[in-house]
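Okay, structure first, notes after.
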Amino acid sequence: MKKLLTGNEAIALGAYEAGVHYASAYPGTPSTEILENIAPYKEIVAEWAPNEKVAVESAIGACYAGARSLTAMKHVGLNVAADPFFTMGYTGVNGGMVLISADDPGMHSSQNEQDNRYYARMAKVAMVEPADSQECKDMVIKAIEISEKYDTLVMIRMTTRVCHSKSVVEVGERTEVPIKPYKKDTSKYFIAPAVAKQLHLVVERKLVELEKFSNETDLNFIEWNDKKIGVISSGVAYNYAREVFGDSASYLKIGFSFPLPMEKIKKFAEEVQTLYVIEELEPFMEEQIRAAGINCIGKDKIPNTWELNPDIVEKSLLGTQKPTIDYDKNVAVGRPPTLCAGCPHRGFFYELSKRKNVMITGDIGCYTLGGTEPLNAMDTVVCMGASISMAHGAKKVFEKNNDDKRLVAVIGDSTFFHSGMTSLLDVVYNKSNTVTCILDNRITAMTGHQENPGTGFSLQGDEAQITDIETIVKALGIKHVKTINPLRREAMKEAMDWAFALNEPSVVITRYPCALKKYSEQDIEEFGPIQGICEVDQEICIGCKACARTGCPAIHFQHEIKKSYINEAQCVGCELCMQVCPVKAISKVGV
Amino acid sequence: MKIKNILLVGVGGQGTILVSKILSTGLLQAGYDVKMSEIHGMAQRGGSVSTQVRYGEKVHSPIIGIGDADILVSFETMESIRWLEFLKPDGIAVINEHEIPSAPILSGKIAYPKGVIEAISEKVNTKVINAAEISEKLGNTKVMNVVLLGALIKSMNLTDIDWESIIKDLVKDKFVEINIKALNAGMEAV
Ligand SMILES: Cc1ncc(C[n+]2csc(CCOP(=O)(O)OP(=O)(O)O)c2C)c(N)n1
Ligand code: SF4
Ligand code: SF4
Ligand code: SF4
């Protein structure tokens, strides 16, 4: 049967067919849907881990214990998981193991566009790069095979366009394989220096074997056409090359990209007149090809910034361009993403934005939008978990410099579990008078509403223990903790006044569900059902724009009549606007 | 046959995802190779969204570049001009007369641009449709997206495909009838 699947759906199907037993991941665009699509398979234990390092280590444990295992993450997730990943390069596997790195060229939803192919080379693990959904499925199956045959972890390197594009996939059957027996083997799994020394020799030998495989496998295939132009390419870039050159060039399509098939590349290069190496992002293959003494054209023409597309390939290599319509491109007004109507984060940032002489260190999640118009209540965003530790470091320096600037760290619940807890320990241990705000919207919202250790459910829908943030915070040694509803302005203001007046570190937990969250029974019990919407009485409205300054997308300030209007289809009745209106022009209806 | 390129644009939450699903399923059943690319990321938070569908004998690239689209279907008026450079000069623009103000407009800072449809009509073959009004007449504004699908199908001469059976497969039973009506209304409107 043929199906149209995204790359992520195809990876999940591949995991199923390959007989994978265990999968663990932390969400992150563009990789999130891999585990979401594995979850329905009852043959596979599938879990959300609190962060990528934990996910990789769990998968390694499963692999050593004899299971076929899988882990997946966005590119920056591998930075978090780099430590176990590198060791895995030395130890190899028991059951087959694959690690999926989903890179984000073009930074559709990321803070950088690092090219994780370098990771495979640095950690000395094998790598495959699918170009479409069929290859995604096939390569998981193949990667598990390679992993077991060559005793290596295999990295599957994807990119946003491969993850999120749909193409045709032939659906097959699952091959059930027994979990391998586990044998204690300290010369393999106990990576003390003496063991590691030996394993480094072993891994170098494995790489020689893998390079031989790379030269032989049809994952790296040649398609001969006209030999004036030869193209070496991998991943989605191959499809762009194919689109631009059609049958007028010959191709060496690289599907197994570490170690590279240098013999095959040499032979191909010898037979073509001009050799193009077409890669998205960095010259990963080109550098190695040049180092092998082969001349080629690549990054001198094709940009290593942002994502490629067929036009860029055409323009850079052929110098031609398609005709386009000529028009005024400044007509369209920007459409930046905004916090949803009724988002609990809005109440928090509305209050925080009023504070003077503060530095606000932010973090990554929906709440990062609190740093944009019109709330503008965030100074920094670096990486997940950085808010709390950066506030600590900055506070120390302001103090040393006799500057009484207050430091507020803002972090979401999922991000706190991910990597905020150890940072808060540093605040306690090294004593910095910071205000840490944990925005607990009862879900991992940004990446599409995944469960997390605080929500009460697991990825496969089982009930889980609800980890209580306040208890953690206190256990870490924070003495001053308050939990409030951020949509109640008075409570928000009081909590901030209270925290700012303290001369010891404090934590404010804003606890209220994301407006798009599907309430659990526990949520309904705690927060009650959501009821009614708000309405502006335009007779009373004085056009002060205070409600519009909350940035709620349900509120439209009507320029012509200088009055606000609430879109009843969008309003969820959170009452924030009601509390900011100075003349009580807004009231709740339909309760 | 040359590969055909369809570009659907709109605002997060307008239902472009269902449309592209029905569309690509139909094209696959008709025997074409199909690729579709969607960028979601921040879509849920009211950002601008786009979906690209490519079909033909053998499709390689899942995405198109500027000047590549045979048809641009814009679910929202202003989005049509944001994405216009992707349309071939001899392509077709199908524009929904439906304005969704974005954040800078909502806050009263900037006015919603005037004359978008006129500006585009001067440059390319443009079909304007009021899918909101049509769907309202049908009794459910939620099917505005399928009205636009109808307009798209007609404009691309894809009416031979059995869209009704695909809608039956992909839409919940109780919404099948209204969606089929919406599809037909969209076809008639252009
Ligand atoms: C290392 C790393 N892993 C994953 C991500 C993707 N990511 C961005 S925000 C986020 C979750 C945010 O959840 P939470 O902190 O609960 O905030 P919310 O979006 O719910 O407001 C994730 C998983 C990332 N940016 N970096
Ligand atoms: S998805 Fe939830 S947390 Fe994210 S902006 Fe919307 S309401 Fe806020
Ligand atoms: S009550 Fe006010 S702030 Fe809340 S969603 Fe409705 S319009 Fe927006
Ligand atoms: S805050 Fe009140 S008075 Fe001011 S614009 Fe909004 S509704 Fe009108």
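The values are calculated or read from the model by the stated rules, or taken from the named source; none is laboratory data. Treat the numbers as computed from the prediction; the structure is a model and nothing was measured. Reconstructed Cβ throughout: ideal geometry from the backbone, glycine too, with neighbour counts over all protein chains shown.
What to note about this one:
- Subset of the range A:308-329 (residues that are more than 8 Å from every other protein chain (Cβ to nearest Cβ) and either under 23 Å from B:ARG45 (Cα atoms) or hydrophobic (A, V, I, L, M, F, W, C) (or both)): A:LEU308, A:VAL313, A:LEU317, A:LEU318
- The helices (runs of 4 or more DSSP H) found wholly in the range A:251-330 and carrying at least 1 residues that are touching a residue at least 40 places away in the same chain (Cβ under 8 Å) and surrounded by fewer than 22 Cβ atoms within 10 Å (Cβ to Cβ) occupy A:262-271, A:310-318.
- Tally, over the range A:129-187, of residues that are within 14 Å of another protein chain (Cβ to nearest Cβ) and part of a loop (DSSP other than H, G, I, E, B): 4
- Boolean, A:LEU369 is away from ligand 3 (no atom under 16 Å from the Cβ) and within 27 Å of A:HIS392 (Cα to Cα): no
- As a summary of the residue check, A:GLY370 satisfies the conditions (1) assigned to a helix (DSSP H, G or I); (2) away from ligand 1 (no atom under 14 Å from the Cβ); (3) within 26 Å of A:PRO336 (Cβ to Cβ) except for the one numbered (2).
- Any hit, the range A:403-411, residues being in the same structural domain as A:PHE349 (by TED's automatic domain parsing), modelled with pLDDT of 95 or more, under 30 Å from B:PRO104 (Cβ atoms) and more than 14 Å from ligand 1 (Cβ to nearest atom): yes
- For the residues A:SER458, A:SER419, the requirement of being over 18 Å from A:ILE388 (Cβ atoms), away from ligand 2 (no atom under 16 Å from the Cβ) and hydroxyl-bearing (Ser, Thr, Tyr) singles out A:SER458.
- Pair list, Cβ under 7 Å, 6 or more apart: the range A:530-547 residue under 12 Å from A:VAL583 (Cβ atoms) and in the same structural domain as A:LYS584 (by TED's automatic domain parsing), other residue within 16 Å of ligand 1 (Cβ to nearest atom) and of a type in the set (Asp, Glu): none
- Residue in the range A:202-214 that is assigned to a loop (DSSP other than H, G, I, E, B), polar (S, T, N, Q) and surrounded by 13 or more Cβ atoms within 10 Å (Cβ to Cβ) present: no
- Output for the range A:556-579, where each listed residue is without any contact (Cβ under 8 Å) to a residue 40 or more places away in the chain and outside any loop (DSSP other than H, G, I, E, B): A:HIS556, A:PHE557, A:GLN558, A:LYS563, A:SER564, A:TYR565, A:ILE566
- Taking the conditions (1) in contact (Cβ under 8 Å) with a residue 12 or more places away in the chain; (2) more than 16 Å from ligand 1 (Cβ to nearest atom) in turn, A:CYS343 satisfies each one other than (2).
- For the residues B:LEU138, B:LEU149, the requirement of being surrounded by fewer than 24 Cβ atoms within 10 Å (Cβ to Cβ) and either of a type in the set (Gly, Ala, Ser) or in contact (Cβ under 8 Å) with a residue 24 or more places away in the chain (or both) singles out B:LEU138.
- Elements of type helices (runs of 4 or more DSSP H) in the range B:41-124, at least 2 residues being more than 7 Å from every other protein chain (Cβ to nearest Cβ): B:77-82, B:116-123
- Number of positions in the range A:548-566 that are within 16 Å of ligand 2 (Cβ to nearest atom) and either in the same structural domain as A:TYR350 (by TED's automatic domain parsing) or in contact with a strand residue (DSSP E or B) (Cβ under 7 Å, 6 or more places away or on another chain) (or both): 2
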